[in-house]
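Visitor: Before anything else, here's the structure in question.
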Amino acid sequence: MKLQELVSNIQVDIIDTHGDKDVDVKGIASDSRKVSEGFAFIAAQGVQVDGHEFISKAIESGAKVIIYDRDIADTVLGVTYVKVKDSADAIGKLASAWFGNPSQKLQLVGVTGTNGKTTTATLLYKMFRQLGYGAGLLSTVCNYVNDDEYPATHTTPDPISLNEFLAKMVKSGCEYAFMEVSSHAIHQKRISGLLFRGGIFTNLTQDHLDYHKTMQEYLKAKKLFFDNLPESAFALTNVDDKNGLVMLQNTKAEKHTYSVKSLGDFKARILEKHFDGTAIEINGRELEVQFVGVFNVYNLLAVYGASVLLGQDIEKVLVILSTLKSVAGRFETIRSKDGFTAIVDYAHTPDALTNVLNAIHDVLDGGGRVISVVGCGGNRDKTKRPIMAQESVRLSDQVILTSDNPRFEEPQSIIDDMVAGLDPVQMKKTLCIVEREQAIKTACALAKSGDVILIAGKGHEDYQDVKGVKHHFDDREVVKAILGL
Ligand SMILES: CC(=O)N[C@H]1[C@@H](OP(=O)(O)OP(=O)(O)OC[C@H]2O[C@@H](n3ccc(=O)[nH]c3=O)[C@H](O)[C@@H]2O)O[C@H](CO)[C@@H](O)[C@@H]1O[C@H](C)C(=O)N[C@@H](C)C(=O)N[C@H](CCC(=O)O)C(=O)O
Ligand SMILES: Nc1ncnc2c1ncn2[C@@H]1O[C@H](COP(=O)(O)OP(=O)(O)OP(=O)(O)O)[C@@H](O)[C@H]1O
Ligand SMILES: N[C@H](CCC[C@H](N)C(=O)O)C(=O)O
Ligand SMILES: [Mg+2]
C-alpha cells in the first residue's frame with residue numbers, strides 16, 4: 001500500500017512530512033524488533049521506554065517510513081518521515097487502515113469493567129455462535145475466529161495484532177466480534193480507530209492502582225471508552241454499580257441499563273440459589289441458569305441485554321442463556337471422592353474474592369467449612385494485598401496464603417504484605433505456605449466431607465510467572481492429581 005493511501009483516509013493530525021510520500025509500505029510495526037524491509041515504523045512513548053529510541057534500529061531492519069511525535073535529531077536519506085500529533089493514537093488508526101478497517105465490517109462489542117469482562121464477552125461469543133452466526137472473541141483466556149483458537153497474551157491485544165485478528169474474523173465470515181477492553185488498553189489507546197457497535201460496563205472496584213495510581217484515574221480510563229462511542233452504538237451499563245451511570249454521562253451512544261437491585265431496561269430477580277445453578281427471572285420470564293453467584297447473574301443479564309440490543313429474538317436468547325456453561329477457570333468445581341469440593345476461580349481482586357466467597361456461602365448455607373487458598377500477583381497493585389487477605393479471612397474458616405505469579409518480587413514479601421492486613425486473632429486461622437502446590441495439598445488434607453476449598457487467583461492460567469519465566473502450573477491439574485482423579 002502506498003504511504004499516501006495509508007494516511008489519506010485516517011483522522012490523524014499530521015504535523016509535517018519529509019521525504020517521498022509516494023513510497024510503497026510493505027507492513028507496519030510499532031516494535032522495532034518486528035520491522036522488515038519496506039515497513040513503516042511508528043515510534044511511540046511507552047510505559048517502560050520511548051519508542052523513538054529505536055528509530056535507527058528500525059531503519060537498520062529496513063524501515064522506509066518513520067511515523068513519530070517527538071523532535072528527532074537526524075534524518076536518513078531514502079527514509080520518509082511523518083510527524084504526527086500523537087503516535088499512540090496513530091498506531092491504532094494506521095492498523096485499522098492497513099487491515100482494511102475490519103471493525104467497520106463487523107458488529108463489534110467491547111466489554112469493560114474491573115471484573116466480569118472475560119465471562120461476559122465469552123458468553124456473548126458463545127451466544128452468537130449458538131444463534132448460528134459467524135463470531136469472534138478477543139479475551140484474556142483465548143481468542144477465537146469462529147471455532148479456531150488462538151492463544152491470548154493480553155486481555156486487549158496491541159492495536160496491530162488486534163486489527164489483524166478482526167481482519168481474520170471478517171475474512172472467515174464473522175458478522176459479530178466481542179472483545180474485552182481493559183483500562184490499560186483504553187489509556188494506551190490500543191482501541192483507537194475501532195468502530196464499536198456497542199459498549200458494556202460491568203463494574204468498577206479496586207485493581208490496577210500500580211498503573212492508574214488513583215481510583216479516579218482508573219474511573220476516567222473506563223469512562224473514556226464510553227465517551228468515544230459513536231451515536232450508532234449502544235452503551236449498556238450496570239446501574240447497581242455506583243459508577244454505572246457515570247459511564248453514560250458524556251456518551252453519544254444510545255443509553256441502556258441493567259440491574260438486579262433496582263430498575264433497569266434489563267432487570268433480573270434471583271429466585272433460588274443452589275450449587276449447580278440459579279433460578280432467575282429476567283424481564284418477567286423465569287429460567288434456570290447453570291451459574292453460581294449473584295455476580296454471574298449480572299454477567300448473564302449483560303449478555304441478555306446486549307443480545308436483545310443487537311436485534312436478537314428474546315425467546316431464542318433465553319433458551320441459549322439457560323444452556324451456557326461457566327468459562328474456563330471461573331468457578332470450576334472439582335469434587336473429591338471424600339465428599340468435599342474444590343473450586344478453582346480467577347478472583348484476583350478484593351471485590352471478586354468477596355463475591356466468590358459470598359456465592360460459596362449462599363449455596364453452602366452453613367453446611368460446611370470454607371478453606372481458601374489465596375495469593376496476590378507480584379509487580380501489580382500492592383494496596384490490594386492486605387484487603388484480599390482480610391476478605392479471605394472474614395469469609396473463610398481457614399486461609400492459606402500462598403504465591404500467585406510473584407514475577408520479579410520475592411514471594412515471601414508479597415505474603416508479608418498480605419499478612420500486614422491481619423491482626424493476631426485473624427492470624428489464628430491463617431497459614432502461610434509459599435509453594436502453591438504445597439498450599440493446595442494442605443488445604444485438601446484439612447478438608448472434610450461437605451467442606452469447600454476455594455483456590456483463587458489463577459483460574460485458567462497454566463503457569464506460575466517467576467522472574468520472567470513461566471513455569472507450568474495449573475491449579476485444576478494440581479487438585480485433580482492430589483485427589484487422585
Ligand atoms: C505496562 C503496559 O501495559 N505495557 C504494555 C505497553 O507497553 P509499552 O508500549 O508501554 O512498551 P514499552 O516497553 O515501554 O515500549 C515503548 C515502545 O517502544 C517499542 N520498542 C520497545 C523495545 C524495542 O526493542 N523496540 C521497540 O520498538 C515498543 O514496541 C513500544 O511501542 O503496550 C504493549 C503493546 O500494547 C503491551 O504489550 C505492554 O503490556 C505489558 C507487557 C503488560 O504486562 N501489560 C499488562 C499490565 C496489561 O496490559 N494488562 C491488561 C489487562 C489488565 C486487566 O484488566 O486485568 C491487558 O490488556 O492485558
Ligand atoms: N460481574 C462480576 N462482578 C464481580 N466479580 C466478578 C464478576 N464476574 C466475575 N467475577 C469474579 O472475577 C473473576 C474474574 O472474572 P473475569 O475473568 O470474567 O473478569 P475479567 O474482568 O475478565 O478479569 P481480567 O481483568 O483479569 O481480564 C471471576 O473468577 C470471579 O471471581
Ligand atoms: N490481568 C490481571 C490478571 C491477574 C491474575 C493473577 N493471577 C496475577 O497474576 O496477579 C493482571 O495482570 O493484573
Ligand atoms: Mg479478562
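Visitor: Kindly indicate the residue of the range 352-386 that is of a type in the set (Asp, Glu) and open to solvent by 40 Å² or more (accessible area, probe 1.4 Å) and also farthest from ligand 2 (Cβ to nearest atom) among those meeting that condition. Steps first, please.
Guide: Step one: filter the range 352-386 for residues of a type in the set (Asp, Glu), giving 362, 365, 381.
Going one step further and asking which of them are open to solvent by 40 Å² or more (accessible area, probe 1.4 Å), we end up with 362, 365.
On the way: ASP362: 14, ASP365: 20 Å.
Only one residue fits best here, namely ASP365.
Visitor: State whether the residues of the range 407-419 include one that is open to solvent by less than 70 Å² (accessible area, probe 1.4 Å) and away from ligand 3 (no atom under 16 Å from the Cβ). Don't jump to the end; show me each part of the working.
Guide: Residues of the range 407-419 open to solvent by less than 70 Å² (accessible area, probe 1.4 Å): 407, 409, 411, 413-415, 417-419.
Pick out the ones that are also away from ligand 3 (no atom under 16 Å from the Cβ) and you get 419.
Yes, there is a match, as at least one residue in the range 407-419 is open to solvent by less than 70 Å² (accessible area, probe 1.4 Å) and away from ligand 3 (no atom under 16 Å from the Cβ).
Visitor: While we're looking at this one, here's another question. Quickly run through the range 223-242 and pick out the residues that are more than 21 Å from SER192 (Cβ to Cβ) and buried (at least 19 other Cβ atoms within 10 Å of the Cβ). Walk me through how you get there before you give the answer.
Guide: Filtering the range 223-242 for residues more than 21 Å from SER192 (Cβ to Cβ) gives 236-242.
Scanning the range 223-242 gives LEU236, THR237, ASN238, VAL239, ASP241.
Visitor: Shifting gears a bit: Quick check on my filter: what residues within the range 355-376 are within 16 Å of ligand 4 (Cβ to nearest atom) and over 23 Å from ALA439 (Cα atoms)? Lay out the reasoning, then the answer.
Guide: Restricting attention to the range 355-376, the residues satisfying the condition of being within 16 Å of ligand 4 (Cβ to nearest atom) are 355-356.
Once the filter is applied, which keeps residues that are within 16 Å of ligand 4 (Cβ to nearest atom) and over 23 Å from ALA439 (Cα atoms), the range 355-376 yields nothing.
Visitor: Turning to a different aspect of this structure: LEU263: open to solvent by less than 60 Å² (accessible area, probe 1.4 Å) and assigned by the TED database to the domain that holds LEU204, yes or no? Show your work before the answer.
Guide: Details: open to solvent by less than 60 Å² (accessible area, probe 1.4 Å): no; assigned by the TED database to the domain that holds LEU204: yes.
Taking the combined requirement at face value, the residue does not satisfy it.
Visitor: List the residue pairs whose Cβ atoms are under 6 Å apart, where the first residue sits in the range 111-134 and is of a type in the set (Phe, Trp, Tyr), the second is more than 16 Å from ligand 3 (Cβ to nearest atom), and the two are 6 or more positions apart or on different chains.
Guide: TYR125/ALA135; TYR125/LEU137; TYR125/PHE178; PHE128/ALA135; PHE128/TYR176; TYR133/GLU175; TYR133/TYR176
Visitor: Would you kindly identify the strands (runs of 3 or more DSSP E) lying entirely within the range 10-63 that contain at least 3 residues that are at pLDDT 95 or above, within 12 Å of ligand 1 (Cβ to nearest atom) and surrounded by 13 or more Cβ atoms within 10 Å (Cβ to Cβ)? Let's see the steps before the verdict.
Guide: On the way: elements: 14-18, 27-29, 39-42.
In the range 10-63, 39-42 are the strands (runs of 3 or more DSSP E) which contain 3 or more residues that are at pLDDT 95 or above, within 12 Å of ligand 1 (Cβ to nearest atom) and surrounded by 13 or more Cβ atoms within 10 Å (Cβ to Cβ).
Visitor: Working only within the range 101-123, note down all residues that are assigned to a helix (DSSP H, G or I) and open to solvent by 30 Å² or more (accessible area, probe 1.4 Å). Give the steps one after another, and end with the answer.
Guide: So the first thing to find is which residues in the range 101-123 are assigned to a helix (DSSP H, G or I), and the list is 102-105, 117-123.
Hits for the range 101-123 are GLN104, LYS105.
Visitor: Something else: Please work out which residue is nearest to ligand 4 (Cβ to nearest atom), limiting yourself to the range 165-216 and to residues that are more than 16 Å from ASP148 (Cα to Cα) and of a type in the set (Asp, Glu).
Guide: Here is the first cut: in the range 165-216, the residues more than 16 Å from ASP148 (Cα to Cα) are 180-216.
Of the ones still in play, those that are also of a type in the set (Asp, Glu) are 180, 207, 210.
Numbers: GLU180: 5, ASP207: 11, ASP210: 17 Å.
It comes out as GLU180.
Visitor: Considering only the range 188-203, I want to know if a residue exists there that is of a type in the set (Ser, Thr, Tyr) and not in a loop (DSSP other than H, G, I, E, B).
Guide: Narrowing the range 188-203 to residues of a type in the set (Ser, Thr, Tyr): 192, 202.
Adding the requirement that they be not in a loop (DSSP other than H, G, I, E, B) leaves none.
The answer is no, given that none of the residues of the range 188-203 is of a type in the set (Ser, Thr, Tyr) and not in a loop (DSSP other than H, G, I, E, B).
Visitor: Only residues that are within 16 Å of ligand 2 (Cβ to nearest atom), hydroxyl-bearing (Ser, Thr, Tyr) and in contact (Cβ under 8 Å) with a residue 12 or more places away in the chain: list them for the range 144-184, please.
Guide: Listed by number, the residues that qualify are TYR144, THR155, THR156, SER182, SER183.
Visitor: From ASP465, ASP451, ASP475, which residue is within 16 Å of ligand 2 (Cβ to nearest atom) and surrounded by 22 or more Cβ atoms within 10 Å (Cβ to Cβ)?
Guide: On the way: ASP465 fails: surrounded by 22 or more Cβ atoms within 10 Å (Cβ to Cβ); ASP451 fails: within 16 Å of ligand 2 (Cβ to nearest atom).
The unique qualifying residue is ASP475.
Visitor: Filter the range 108-119 down to the residues that are polar (S, T, N, Q) and either within 13 Å of ligand 3 (Cβ to nearest atom) or touching a Gly at 6+ places or on another chain (Cβ under 8 Å) (or both) and list them by number. Please lay out each step first, then the result.
Guide: Of all residues in the range 108-119, those polar (S, T, N, Q) come to 112, 114-115, 118-119.
Of everything in the range 108-119, those that are polar (S, T, N, Q) and either within 13 Å of ligand 3 (Cβ to nearest atom) or touching a Gly at 6+ places or on another chain (Cβ under 8 Å) (or both) turn out to be THR112, THR114, ASN115, THR118.
Visitor: Across the range 281-300, which residue is surrounded by the most Cβ atoms within 10 Å (Cβ to Cβ) among those that are touching a residue at least 60 places away in the same chain (Cβ under 8 Å) and of a type in the set (A, V, I, L, M)?
Guide: From the range 281-300, those touching a residue at least 60 places away in the same chain (Cβ under 8 Å) are 292-296, 298-300; that's our starting set.
In the following step, the residues that additionally are of a type in the set (A, V, I, L, M) were identified as 292, 294, 300.
Details: VAL292: 23, VAL294: 19, LEU300: 26.
Among them, the one singled out is LEU300.
Visitor: Could you list, in sequence order, the residues of the range 144-203 that are open to solvent by less than 30 Å² (accessible area, probe 1.4 Å), among the hydroxyl-bearing types (Ser, Thr, Tyr) and closer than 27 Å to LYS220 by Cα?
Guide: Of everything in the range 144-203, those that are open to solvent by less than 30 Å² (accessible area, probe 1.4 Å), among the hydroxyl-bearing types (Ser, Thr, Tyr) and closer than 27 Å to LYS220 by Cα turn out to be THR156, SER182, SER183, SER192, THR202.
Visitor: Got a sec? Which of LYS126, LYS93 is away from ligand 2 (no atom under 16 Å from the Cβ), crowded, with 18+ Cβ neighbours inside 10 Å and in a helix (DSSP H, G or I)? It would help to see each step written out before you state the result.
Guide: Details: LYS126 fails: away from ligand 2 (no atom under 16 Å from the Cβ).
Result: LYS93 is the single residue among LYS126, LYS93 that is away from ligand 2 (no atom under 16 Å from the Cβ), crowded, with 18+ Cβ neighbours inside 10 Å and in a helix (DSSP H, G or I).
Visitor: Which members of the range 207-219 meet the condition of being open to solvent by 40 Å² or more (accessible area, probe 1.4 Å) and in a loop (DSSP other than H, G, I, E, B)?
Guide: Our first condition is that a residue be open to solvent by 40 Å² or more (accessible area, probe 1.4 Å); within the range 207-219, this holds for 208, 210-211, 213-217.
HIS208, LYS213, THR214 - these are the residues of the range 207-219 that are open to solvent by 40 Å² or more (accessible area, probe 1.4 Å) and in a loop (DSSP other than H, G, I, E, B).
Visitor: In this structure, does VAL82 turn out to be within 30 Å of ASN203 (Cα to Cα) and not in a helix (DSSP H, G or I)? Explain how you work it out, then say what you get.
Guide: Values: within 30 Å of ASN203 (Cα to Cα): no; not in a helix (DSSP H, G or I): yes.
It is false that VAL82 is within 30 Å of ASN203 (Cα to Cα) and not in a helix (DSSP H, G or I).
The values are calculated or read from the model by the stated rules, or taken from the named source; none is laboratory data. Just so you know, these numbers come straight off a predicted model, no measurement behind them. Quick reminder, even Gly has a Cβ in these numbers, built from the backbone with ideal geometry, and neighbours come from all protein chains shown. Heads up: the accessible areas ignore ligands, DNA and RNA and are worked out on the full protein's heavy atoms, side chains in. Shrake-Rupley method; radii C 1.70, N 1.55, O 1.52, S 1.80 Å.
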